[in-house]
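Below you'll find the structure, written out as structure tokens, and then a few comments.
The values are calculated or read from the model by the stated rules, or taken from the named source; none is laboratory data. Just so we're clear, the structure is a prediction, and the values are computed from it rather than from any experiment. Quick reminder, even Gly has a Cβ in these numbers, built from the backbone with ideal geometry, and neighbours come from all protein chains shown.
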Amino acid sequence: MRVISHIPLRPVSGMSSGTSPYSNEGLGGFLRRFGGVGSVSLLSYVAEYSSYIVLLAYISTKLILTFHLGTFGYAFVGTASALYLVLSGLIAIPVGHYADKYGLKTFTVAGCILGSFALFLLLVVDRLSNLTFFFIGVTVSLTALGLAHGTYTASTLAYTADVADAERFGKPYGLVEGAEFLGYAFGPSIGAVLSVVYGRFTLFGVSGAVLLLAAVIGLFFMKNDPLKDRASVKANERKLSSIPKSHSHLATWNDFISALRIRIVGVVLITTLLASLGFSAFFYYVPLFAQSLASRIPLLGNIYPLFQSIVAGVGFLMMIPFGHIEDTSQRRMPYLVVGFVIGAVALALAFSFPSVAGLITASVVFGFSLAITRVSQLVILAEHSTISNRAGVMGTNHALEHTGYGLGSFVGGVVVTLTHSFIETFQGLSVFLVLTGIAFLVYAISRRVK
């Protein structure tokens, strides 16, 4: 049973950040506390995303070539992919609620085991020759993988804040978010290479084994009760007293609404939705835009996948250093909205200067803005939640993140189809995001939000 207590937003009287038993820890101490959860985040995301795109390709091939369903195979894959994104985001809300109640470590390990089951199940599904049983098998696999994703994402993000010192959330979230993003960005490329060299079912088997390894690491290197020995527990009990201290009730949509009632949390969650919309627009459509220019700029026809890797690489490299800056400066919201605006500007640059140099520059700038925005969002949410509701808040954040991904992909595709123009579509989106970011900045300044 986890201790029900609260994380202070600032040190209480008689306690400064310098008195923390972790204040002077070196790299070894930092890794002992966060190496386990960081490893789980990296391995779970690499395993999931290295298999996901290959899985969709496998399903469509099976439906079209083996069961002779024609274009219905593509329709099923598109629908399944959309449902997967929605499910894995929405499930994080009730999962976060129950993880707060029953334990973050327990849910992290359970999520990894469930994801491993989903991938191992595919080795059995491939042997099915009956179409109905095949549909049931892949549906169960995708559903289990989506549930697993929402489970270990919400629980690991909440666990990170529970282990961290108050006012020192930046570096830990730089590590964990960077690990997740690294897996999300490079996992598909790793999976594509492994599937070509060794075959897709070797990939599914290896990915399932990696998720099991993540479960073992979580079991042995994550603490059962991160705050049990913290001197600040009693002080925490006096903080954020308006937030419910127990989870005796079942998970409901009121848990989602209660998170939005905390003003700064609601604002940050809106930035998550909009920033994710911008991220999906850049991450998915910039390569397509670059590929469309291949007849005019032949080099882009060969390097168009590179821009996603640049974004991912810069974002990963900057997350921990920027987390350290936030820990030192004690500024959150101004960084968040400035990063938000920079990301929107980078989106405009990518579609305004269609050249190799222009797209590389835009990718570097966007990766930098991504690091600033994501770390700032998670730090603010950690500081304005408690140990009894933090996983629920992180789950809500994850749900809105996936909603933004879905909206960005869907709306971007529809508008490009209607306007027949990448440039007009994404320049218009970037203007909207810049104006929105400026509005958030005005809010932060007027409310003196740090």
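Right, L128: touching a helix residue (DSSP H, G or I) at 6+ places or on another chain (Cβ under 8 Å), in a loop (DSSP other than H, G, I, E, B) and surrounded by fewer than 19 Cβ atoms within 10 Å (Cβ to Cβ) or not?
Against the criterion (touching a helix residue (DSSP H, G or I) at 6+ places or on another chain (Cβ under 8 Å), in a loop (DSSP other than H, G, I, E, B) and surrounded by fewer than 19 Cβ atoms within 10 Å (Cβ to Cβ)), L128 qualifies.
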Has segment 78-87 got any residue that is of a type outside the set (D, E), without any contact (Cβ under 8 Å) to a residue 12 or more places away in the chain and more than 29 Å from I387 (Cα to Cα)? yes
Being surrounded by 17 or more Cβ atoms within 10 Å (Cβ to Cβ), in contact with an Asp or Glu (Cβ under 6 Å, 6 or more places away or on another chain), modelled with pLDDT of 70 or more and among the hydroxyl-bearing types (S, T, Y): is that true of S276 here? yes
Within 18 Å of I217 (Cα to Cα) and either modelled with pLDDT under 85 or polar (S, T, N, Q) (or both): which single residue out of S195, S155, S129 fits that description? S155
Apart from one, (1) within 22 Å of the chain's Cα centre (by Cα); (2) buried (at least 21 other Cβ atoms within 10 Å of the Cβ) all hold for L306; the odd one out is (2)
With the condition kept exactly as written, say whether any residue in segment 65-82 is part of a helix (DSSP H, G or I) and at pLDDT 80 or above. yes
Can you tell me which of S409, S376, S385 is surrounded by fewer than 24 Cβ atoms within 10 Å (Cβ to Cβ) and either of a type in the set (G, A, S) or in contact with a His (Cβ under 7 Å, 6 or more places away or on another chain) (or both)? S409
So, of the residues in segment 20-61 that are among the charged types (D, E, K, R) and surrounded by 16 or more Cβ atoms within 10 Å (Cβ to Cβ), which turns out to be modelled with the highest pLDDT? E48
Looking at (1) in the same structural domain as E383 (by TED's automatic domain parsing); (2) modelled with pLDDT of 85 or more; (3) hydroxyl-bearing (S, T, Y), which is the one condition that is false for T202? (1)
Of all residues making up segment 397-445, the number that are closer than 28 Å to P354 by Cα, touching a residue at least 24 places away in the same chain (Cβ under 8 Å) and either of a type in the set (G, A, S) or not assigned by TED's automatic domain parsing to the domain that holds V337 (or both): 7
Residues within segment 44-58 that are under 14 Å from the mean Cα position of the chain (by Cα) and over 14 Å from S81 (Cα atoms), tallied: 3
Residue match in segment 241-260 (condition: surrounded by 12 or more Cβ atoms within 10 Å (Cβ to Cβ), modelled with pLDDT of 65 or more, in a loop (DSSP other than H, G, I, E, B) and in the same structural domain as S309 (by TED's automatic domain parsing)): no
